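Heads up, the thing below is written out as structure tokens.
The values are calculated or read from the model by the stated rules, or taken from the named source; none is laboratory data. Not measured: the values here are computed from a predicted model. A quick note on method: Cβ atoms are made from the backbone with ideal geometry, for glycine too, and the neighbour counts reach across all protein chains shown. The area values use the complete protein model at the heavy-atom level, side chains included, leaving out ligands, DNA and RNA. Shrake-Rupley method; radii C 1.70, N 1.55, O 1.52, S 1.80 Å.
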Amino acid sequence: MTVECINARLAKEHPDAHCELNYATPFQLAVATILSAQCTDVRVNKVTPALFHDYPDAASMAAADVHHVEELIRSTGFFRNKAKSIVAMANEVVERYGGEMPHTLDELVELPGIGRKTANVVLGNAFGVPGLTVDTHFLRLMRRLGITTSSNPVTVEKQVMPLLNPSEWTMFSHRLIFHGRRVCTARAPRCEECVLEDLCPKVGV
């Protein structure tokens, strides 16, 4: 079994795979991705309309009252830390990049609240720069499929990158996440419905 084979099967199974966070700009995608930590995209999408109405861009968010931001995002969990990170990130974007999100991984990961996963989400979906979004679904599927034994996102990212054409990195991430949410769930995976069932060693299942 190869990662290319997994990707090909998932491409047929999930032709509509895409980023499920709603956003209008790279900055808004960064904010939504920060909010999605330990929270569902569905919940984030319920919160961001009001948040982006009041603070649509980095300049407005940088000037925000952090307590007001906390109230708007409270239902996403860890709202104090998330609000602090979002406002601090906006300030850095305004001060260092004139209010526009930077376009490189190295620049993005230097911003408050943005790690490699969030940076790759922004790069892949807002700027068309290929990247692997190694979230909990990605990690779980790569381990179950026997592609890796690591639980470290950076390690897994670097292991998988050479196994797939870079042009497929972003969509492969979307397909794995779609499959992880709909079929290969954390609890009670629906193996009998899985297009990878005949290839999968079912590690840990």
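Taking the conditions (1) open to solvent by 20 Å² or more (accessible area, probe 1.4 Å); (2) part of a loop (DSSP other than H, G, I, E, B); (3) modelled with pLDDT of 95 or more in turn, residue 187 satisfies each one other than (3). For the range 161-180, the count of residues that are more than 21 Å from residue 18 (Cβ to Cβ) and in contact (Cβ under 8 Å) with a residue 60 or more places away in the chain is nonzero.
Conditions (1) surrounded by fewer than 17 Cβ atoms within 10 Å (Cβ to Cβ); (2) assigned by the TED database to the domain that holds residue 173; (3) within 27 Å of residue 177 (Cα to Cα), marked per residue:
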{"site": "34", "(1), (2), (3)": "no, no, yes"}
{"site": "43", "(1), (2), (3)": "yes, no, yes"}
{"site": "65", "(1), (2), (3)": "yes, no, no"}
{"site": "72", "(1), (2), (3)": "no, no, yes"}
{"site": "106", "(1), (2), (3)": "yes, no, yes"}
{"site": "110", "(1), (2), (3)": "yes, no, yes"}
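Applying the criterion of being part of a helix (DSSP H, G or I) and in contact with an Asp or Glu (Cβ under 9 Å, 6 or more places away or on another chain) to the residues of the range 152-168, the residue that is surrounded by the fewest Cβ atoms within 10 Å (Cβ to Cβ) is 163. Residues that are of a type outside the set (A, V, I, L, M, F, W, C) number at least 3 in the following helices (runs of 4 or more DSSP H) confined to the range 48-120: 66-73, 79-97. Scanning the range 1-32 for residues that are more than 20 Å from residue 176 (Cα to Cα) and in contact with a Lys or Arg (Cβ under 6 Å, 6 or more places away or on another chain) yields a total of 0.
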